[in-house]
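Shown next, in structure tokens, is the structure this report addresses.
The values are calculated or read from the model by the stated rules, or taken from the named source; none is laboratory data. Every value quoted in this text rests on a predicted model; they were computed, and no experiment measured them. Backbone-built Cβ (ideal geometry, glycine too); neighbour counts: all protein chains shown. To get the accessible areas, we keep the full protein, side chains included, count just its heavy atoms, and leave off ligands, DNA and RNA. Shrake-Rupley method; radii C 1.70, N 1.55, O 1.52, S 1.80 Å.
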Amino acid sequence: MSTSYSGNYPIERRAGEIERLHIQGAAMAPDTEVMLDRIGVKAGWSCLDIGCGPRGITDLLSKRVGARGRVVGLDMDAQFLEVARAGAPKNVEFRQGDAYESDLSAGSFDLVHLRFIASTAGDPERLLKEAIRLARPGGIVALQEPDGSSLNCYPPHPAWDRLKAALLGAFSGVGADLQLARRLYTLVRQSGLEDVQYRAFLIGVRSVDPMVDYLPSTVESLRGTIIKLGLLSETEFPSVLAECRNHLRKPDTSFTMYTVAQVWGRKREEKQGKS
């Protein structure tokens, strides 16, 4: 693998992608708050959100660290960062950089957080190594990653099944792992972090909920990869999307999102030398 590797994230920039990410972030905010409570994020902390996109969890961290703290959002996408900077609080800054090899100083942060980066961009071990480098001794590294197998709807529908298969196939086709949640706890324990904690959550969605269009909209953002891999053709793409959306609009339809594993651990304190 090339040392300049920076991931194979297959999501495309398109109209509606930023809105999709904001809706997803809002839906997951309550469970993210639970994780931050358990970590004990305090006023004055310095926090880093790797792969923040157009906001990530920088808004949640900003409120917790207060005026004496700071939050840095790191992402490769300049357009996402432009959106994120608009109206951002004074204690939040956004920087363009590589999640695998940033130019941020080692040992700079009380908390380093990643959500849906290790699973979708690939090479989670290397990402975790970089996150640990950036955390201060005694600081926390936290990850949130999915298990796509729980992405199921009821009543079942062939269009849903085809879009789910296309989504999972698109990510696996570029070397991503949308089942990383299953082994995330083991991965973090083996990284050398201490006091590793584990929590999982699952969101249920109805026709009236903001996340109702999650699967069709995410597949739209994967269009190029899906067509390239032959998972759906150009001609059938719009009809399958329409059939799935019609099914999801029915009042009796519901679905579960991917299961999200939250795993966090503490970087070892530096041992004091003997005097």
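A few remarks follow.
- Apart from one condition, Ala121 fits all of (1) in contact with a Gly (Cβ under 6 Å, 6 or more places away or on another chain); (2) surrounded by fewer than 21 Cβ atoms within 10 Å (Cβ to Cβ); (3) of a type outside the set (S, T, N, Q); (4) in contact (Cβ under 8 Å) with a residue 40 or more places away in the chain; the exception is (2).
- Where helices (runs of 4 or more DSSP H) fall entirely within region 45-164, those with at least 2 residues that are under 30 Å from Leu229 (Cα atoms) are at 78-85, 118-121, 124-134.
- Criterion (more than 20 Å from the chain's Cα centre (by Cα) and within 15 Å of Leu48 (Cβ to Cβ)) met by exactly one of Gly73, Gly87, Gly69: Gly69
- Among the candidates Ser239, Ser217, Ser233, residue that is within 23 Å of Ala170 (Cα to Cα), in a loop (DSSP other than H, G, I, E, B) and in contact with a helix residue (DSSP H, G or I) (Cβ under 9 Å, 6 or more places away or on another chain): Ser233
- For beta carbons closer than 6 Å, sequence separation of 6+ or different chains, a first residue in region 87-109 that is in contact (Cβ under 8 Å) with a residue 12 or more places away in the chain and a second that is in a strand (DSSP E or B) and open to solvent by 30 Å² or more (accessible area, probe 1.4 Å), the qualifying pairs are Asn91/Arg70; Gly107/Arg136.
- Qualifying residue in region 67-84 (condition: modelled with pLDDT of 95 or more, at positive phi, surrounded by fewer than 16 Cβ atoms within 10 Å (Cβ to Cβ) and out of contact with any Leu (no Cβ under 7 Å at 6 or more places or on another chain)): no
- Leading residue by the ranking (most open to solvent (accessible area, probe 1.4 Å)) among those in region 210-232 that are without any contact (Cβ under 8 Å) to a residue 60 or more places away in the chain and more than 20 Å from the chain's Cα centre (by Cα): Lys228
- Residues (among the small types (Gly, Ala, Ser) and open to solvent by 40 Å² or more (accessible area, probe 1.4 Å)) located in region 233-262: Ser233, Ser239, Ala242, Ser254
- Restricting the first member to region 184-197 and to residues that are over 10 Å from Val263 (Cα atoms), and the second to residues that are open to solvent by 20 Å² or more (accessible area, probe 1.4 Å) and among the β-branched types (Val, Ile, Thr), the beta-carbon pairs closer than 9 Å and six or more apart or on different chains are Ser191/Ile132; Gly192/Ile132; Leu193/Ile132.
- Restricting the first member to region 166-182 and to residues that are in a loop (DSSP other than H, G, I, E, B), and the second to residues that are open to solvent by less than 40 Å² (accessible area, probe 1.4 Å) and of a type in the set (Val, Ile, Thr), the beta-carbon pairs closer than 7 Å and six or more apart or on different chains are Val174/Thr225; Ala176/Thr120.
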